[in-house]
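Enquirer: Shown below is the structure under consideration.
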Amino acid sequence: MIDLQKVSGIPMELDEETYKLKFKPPIENMVPSVRVFEEMQPVLMDKEARPEPEREELYYMYRDVHLPEHEKLIRENKVRYDITVIPPGMIGKEFVKTVGHFHSRVPGEEYDYPEIYEVLHGQALFLIQKMDQADPNKLRTVMAIKAGKGEKVVYPPNYGHIIVNIGHEPLVTANWVSSEYTADYKSVAEKQGMAYYVVKGASDRQFEIVPNKNYSEVPEMRFAKGHMNTSFGFMTDEPMYETGIRHPGRLEFLNNPHKFAVELSSITS
């Protein structure tokens, strides 16, 4: 079992055999949403590939995780704290990843809902991409952000995104997001995934990126490591859950991104 309480601020541990989370009092055990292989097939580089090791359940999503005494505060601020567990493995040449999606538009604004992620265990590669507003079929920006334990990553508005487990251990991530948003998976599935696939490199410890030919033009990938704009007040040495509970005002950008346009735009600059 991997104890995740210190790094997350949530009393829980990860079963390394089942890849399921076990919550401790006062949180009751939660049943995760499960992403199965069939749902992943539309976004794979090789749709004939099978998971290795063989399994139907690819990753697990625990939504709206919180301590009971914080429920009122979380509801008042219209946010949600989720946890995702991605076991290690491959699907053909690709590392196991999330399906990928875009966020819905904030009502009355020109921005989609943003999101902030934190790595609790393992090694993650976050891929984000932005489509041209004038031509939804044209890509403007593609960025990869490598992050490890304790590091935070902000998904800016209007960017689609996926998470890839590039390590040999289970990847556990947490995120704060608006409880008002909805996810659009169709845009990514129509292109058979994001603009780049992440595949095993020449060395066992390396990865490579392969352009997705279903996009007419693919911009050069920009790389960052542990990328985080500290203007939002989330630091590496404090669990993101605890920061959000102690300083709920730091979560305001999730519902009102127009107030933080400068900070959000600087993330990808």
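Enquirer: Is it the case that some residue within the range 227-242 is in a strand (DSSP E or B), surrounded by fewer than 20 Cβ atoms within 10 Å (Cβ to Cβ) and either at pLDDT 90 or above or not polar (S, T, N, Q) (or both)? It would help to see each step written out before you state the result.
Expert: Within the range 227-242, the first condition is being in a strand (DSSP E or B), and the residues that meet it are none.
Within the range 227-242, not a single residue is in a strand (DSSP E or B), surrounded by fewer than 20 Cβ atoms within 10 Å (Cβ to Cβ) and either at pLDDT 90 or above or not polar (S, T, N, Q) (or both).
Enquirer: Right, next: Hey, Gln41 hits all of (1) farther than 28 Å from Ser269 by Cα; (2) touching a residue at least 24 places away in the same chain (Cβ under 8 Å); (3) of a type in the set (S, T, N, Q) but one; which does it fall short on?
Expert: For Gln41, the exception is condition (2).
Enquirer: Moving on to the next point. Looking at Pro88, Pro157, Pro136, which one is in a loop (DSSP other than H, G, I, E, B) and either among the hydroxyl-bearing types (Ser, Thr, Tyr) or at pLDDT 95 or above (or both)? Lay out the reasoning, then the answer.
Expert: On the way: Pro157 fails: either among the hydroxyl-bearing types (Ser, Thr, Tyr) or at pLDDT 95 or above (or both); Pro136 fails: either among the hydroxyl-bearing types (Ser, Thr, Tyr) or at pLDDT 95 or above (or both).
On inspection, the qualifying residue turns out to be Pro88.
Enquirer: Another question, then. Residue by residue through the range 123-137, note down the ones that are within 13 Å of the chain's Cα centre (by Cα) and among the small types (Gly, Ala, Ser).
Expert: Across the range 123-137, the qualifying residue is only Ala124.
Enquirer: Something else now. Please work out which residue is modelled with the highest pLDDT, limiting yourself to the range 169-194 and to residues that are closer than 15 Å to Asn158 by Cα and either of a type in the set (S, T, N, Q) or part of a loop (DSSP other than H, G, I, E, B) (or both).
Expert: Ser178
Enquirer: Sort out which residues of the range 1-34 are basic (Lys, Arg) and either in contact (Cβ under 8 Å) with a residue 40 or more places away in the chain or not in a strand (DSSP E or B) (or both), and write them in order of number. Full working, then the answer.
Expert: The first filter runs over the range 1-34 and keeps only residues basic (Lys, Arg), leaving 6, 20, 22, 24.
Residues satisfying the conditions are Lys6, Lys20, Lys24.
Enquirer: A further question follows. Can you confirm whether the range 70-85 contains a residue that is surrounded by 17 or more Cβ atoms within 10 Å (Cβ to Cβ) and among the hydroxyl-bearing types (Ser, Thr, Tyr)?
Expert: yes
Enquirer: Residues of the range 252-269 being assigned to a loop (DSSP other than H, G, I, E, B) and among the hydroxyl-bearing types (Ser, Thr, Tyr), which ones? Full working, then the answer.
Expert: So the first thing to find is which residues in the range 252-269 are assigned to a loop (DSSP other than H, G, I, E, B), and the list is 255-256, 267-269.
Residues satisfying the conditions are Thr268, Ser269.
The values are calculated or read from the model by the stated rules, or taken from the named source; none is laboratory data. This is a predicted model, so every value here is computed, not measured. Here the Cβ is made from the backbone with ideal geometry for all residues, glycine too, and neighbour counts use every protein chain on show.
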